[in-house]
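The values are calculated or read from the model by the stated rules, or taken from the named source; none is laboratory data. Just so we're clear, the structure is a prediction, and the values are computed from it rather than from any experiment. Please note: Cβ atoms are built from the backbone with ideal geometry, for glycine as well, and neighbour counts cover all protein chains shown.
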Amino acid sequence: MALLEVENLKVHFPLKTGWWGGASESVKAVDGVSFTIAPGETLGLVGESGCGKSTLGRAIVRLVDPTAGSVRFGGADLARLGSRELRERRRQLQIIFQDPYGSLNPRMTVEDIVGEALDIHKLTTGKAERRQRIEELLTDVGLDAKYIQRYPHEFSGGQRQRIGIARALAVKPQLIICDEPVSALDVSVQAQIINLLQDLQREHGIAYLFIAHDLAVVEHISQRVMVMYLGKVVELADARAIIRSPQHPYTQALISAVPEVDPDSKRQRIILPGDVPSPIHPPSGCPFHPRCPVAEARCRAEVPVLREVAPQHHVACHLAGPAVKPA
């Protein structure tokens, strides 16, 4: 049984145009996305900047309101819950933000930052229990409990991200949205945070939606990978299948750009022409066709459906399968 079920989710941001400020156009940030996450699973989400990854993650936790579709978590549609019911569900659904510098209140101590969730959900009964729980959380994420009275500016970027992880863990969630949690960190620190997230998953059985633009990182931490382009899912499969046998031309281009250690590698770099189209006026048919090296007339006219081309391997491409050779 799925822990999270997202069906045909859309997030459109209206643009105010004209003299009276009416909204005649909209930015289609997320445009009909569907997927599931099982308990304890890590689903990686990759794509270029501006493809809608972060908006999708924020829509799941209702930091932005969906325009259409459903987000079912624990049997309830989060997109239709009131504020009180949503607060109760959020005990099981948390988010870790990309920026470890901007996501922590500089006026609050570590004790108050991590303890705020405990206070809101009334998870401790006194000051002594509250402090003990916070110290346990800091220890779980690899920080010394003696730092409890320090402020965010006294920590490095990696340490701040550990504080953000401790804050997310405070309410014992079942699912955490990781919104590019390592992209602002040094490479060596990235590995430490990735290993920490994996250790916490094994210990607590947490599921992750891991959003990133680095396919190497996503492959390391994820069981399955979902690729987005211009607000739509173009490929969804097992992480190993995505890396070894990508079926969508866009996924092939992303993988070709991943640096390789082997200097004798014969992998050819795929250079995509042009820029990502505007999400205000997306192309007709397949959204990738203006940049696709194998596009045909059908691609310009018909929107491809996300279909299964191999066991548990779904692709939104008219030419997916034998007609499209992996790079």
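Listing for the model above:
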item: R240 being exposed (fewer than 12 other Cβ atoms within 10 Å of the Cβ) and more than 25 Å from S26 (Cα to Cα); result: no
item: Check on A170, surrounded by 16 or more Cβ atoms within 10 Å (Cβ to Cβ) and over 22 Å from L4 (Cβ atoms); result: no
item: Long-range neighbours under 7 Å by Cβ, at least six apart or interchain, first residue closer than 14 Å to D214 by Cβ and in contact (Cβ under 8 Å) with a residue 12 or more places away in the chain within region 183-200, second of a type in the set (S, T, N, Q) and part of a helix (DSSP H, G or I); result: L185/Q161; I193/Q161
item: First in region 58-78 and closer than 15 Å to I177 by Cβ and buried (at least 19 other Cβ atoms within 10 Å of the Cβ), second anywhere and of a type in the set (K, R) and modelled with pLDDT of 95 or more, Cβ under 7 Å, 6 or more apart; result: P66/K10
item: Any hit, region 210-218, residues being touching a Pro at 6+ places or on another chain (Cβ under 9 Å) and part of a helix (DSSP H, G or I); result: yes
item: Among the candidates V276, V303, V309, V294, residue that is over 20 Å from S34 (Cα atoms), modelled with pLDDT under 95, under 25 Å from the mean Cα position of the chain (by Cα) and of a type outside the set (G, A, S); result: V276
item: Elements of type helices (runs of 4 or more DSSP H) contained in region 57-148, each with 1 or more residues being farther than 29 Å from T36 by Cα; result: 110-120, 127-140
item: So V182, is it crowded, with 20+ Cβ neighbours inside 10 Å, among the hydrophobic types (A, V, I, L, M, F, W, C) and part of a strand (DSSP E or B); result: no
item: Subset tally (residues that are at pLDDT 95 or above and within 24 Å of E85 (Cβ to Cβ)) for region 116-139; result: 0
item: Of all residues in region 171-193 being modelled with pLDDT of 95 or more and of a type in the set (A, V, I, L, M, F, W, C), the one that is farthest from A216 (Cα to Cα); result: L175
item: Cross-chain or 6+ apart pairs with Cβ under 6 Å, region 127-149 first and touching a residue at least 24 places away in the same chain (Cβ under 8 Å), then among the aromatic types (F, W, Y) and surrounded by fewer than 18 Cβ atoms within 10 Å (Cβ to Cβ); result: none
item: Residue that is nearest to H204 (Cα to Cα), among those in region 81-115 that are among the polar types (S, T, N, Q) and touching a residue at least 12 places away in the same chain (Cβ under 8 Å); result: Q92
